[in-house]
Structures are given as C-alpha cells and as structure tokens.
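Heads up: the structure comes next, in structure tokens.
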Amino acid sequence: MTSLRRAGFVRSVRGARGGYTLSRPAAQISLADVIACLDGTAEQPDPAQGSNELQVIRAFGQELRLQRDRLLNSTSLSDLLTERDVRLQAQAMYFI
C-alpha cells in the first residue's frame with residue numbers, strides 16, 4: 001500500500017474508520033499504471049540479437065507484451081468493478 005500511496009493512487013485515512021481510499025476516480029486509474037507502480041518496468045532484450053530461434057522467441061514475447069500493455073492501458077479499475085457488479089447481478093437469487 002505504501003507504493004500505491006506514494007504514487008498517488010490511494011490516500012490513507014486515520015481514525016477508527018480509517019484505512020485507504022482511492023485518491024482519484026476509479027475510471028481514471030488504468031491497470032497498466034497500477035502494475036507499473038507495483039512491479040516497475042523491466043528492461044527488454046533486443047529482439048535482433050542472438051540466434052534465429054532466439055530472435056523468433058523474443059519477437060513473439062515482444063508481441064505478447066504489446067498486446068498485454070494495450071489491454072492493461074484500456075482497462076480501468078472502474079471497468080473491473082462494473083464486471084464484478086454484472087457477475088453479482090447474474091448470481092442474485094430471489095426467494096419467495
């Protein structure tokens with residue numbers, strides 16, 4: 001939580017009903033930003049170095065990272081909450 005607080009994603013609230021709350025709306029926080037805050041960014045090897053087989057594997061890995069990054073950048077915390085709510089509605093049971 002300290003990393004998230006320092007990055008400005010959450011703020012701490014003191015007191016009996018204290019804890020952590022989001023510092024800005026969930027719709028403005030992308031999953032990519034949160035993951036970068038928690039995991040950092042890894043240096044990627046040059047896909048043009050090494051044997052042909054290694055180059056193919058690295059190029060494939062690079063494409064996977066690009067697609068992952070696109071998905072994470074386009075998904076906000078709000079999107080996850082909406083998906084959760086949809087699933088909760090689908091599971092609702094009514095008793096008569």
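Here, each number is a calculation from the coordinates, and none is a lab measurement. This is a predicted model, so every value here is computed, not measured. Don't worry about glycine lacking a Cβ; one is built from the backbone with ideal geometry, like all the others, and counts go over all protein chains shown.
The alpha-carbon atoms of the chain define a convex hull whose volume equals 152 cubic angstrom per residue.
Give the range of the longest stretch in the chain that excludes all trypsin sites (Lys or Arg not before Pro) found in loop regions by DSSP and having at most 14 other beta-carbon atoms within 10 Å.
Values: sites that count: Arg14, Arg17.
Longest stretch, sites excluded: 18-96.
For Val10, the residues 5 or more places off, or on other chains, whose built amide H falls under 5 Å of its own are Arg5, Ser23. Once the Cα atoms of helix 52-73 and of the chain are each reduced to a long axis, what angle between those two axes, in degrees from 0 to 90 to the nearest 10, is obtained? Helix 52-73 sits at roughly 20 degrees to that axis. Remark: spin-label model distance Ser3-Ser78 equals 2.6 nm, labels positioned 7 Å along the Cα→Cβ axis. For the chain, the Cβ-based charge dipole about the Cα centre amounts to some 680 debye (Lys, Arg positive; Asp, Glu negative; other atoms uncharged). If the chain linking Ile57 and Asp39 were pulled fully straight, counting 0.36 nm for each residue of separation and taking away their Cα-Cα distance, it would gain 4.2 nm. Under the combined filter of DSSP loop state and at most 13 neighbouring Cβ atoms within 10 Å, the stretch 10-96 retains these chymotrypsin sites (Phe, Trp or Tyr not before Pro): Tyr94, Phe95.
Which GluC sites (Glu not before Pro) from the chain combine a DSSP loop assignment with at most 16 other Cβ atoms within 10 Å?
Glu43
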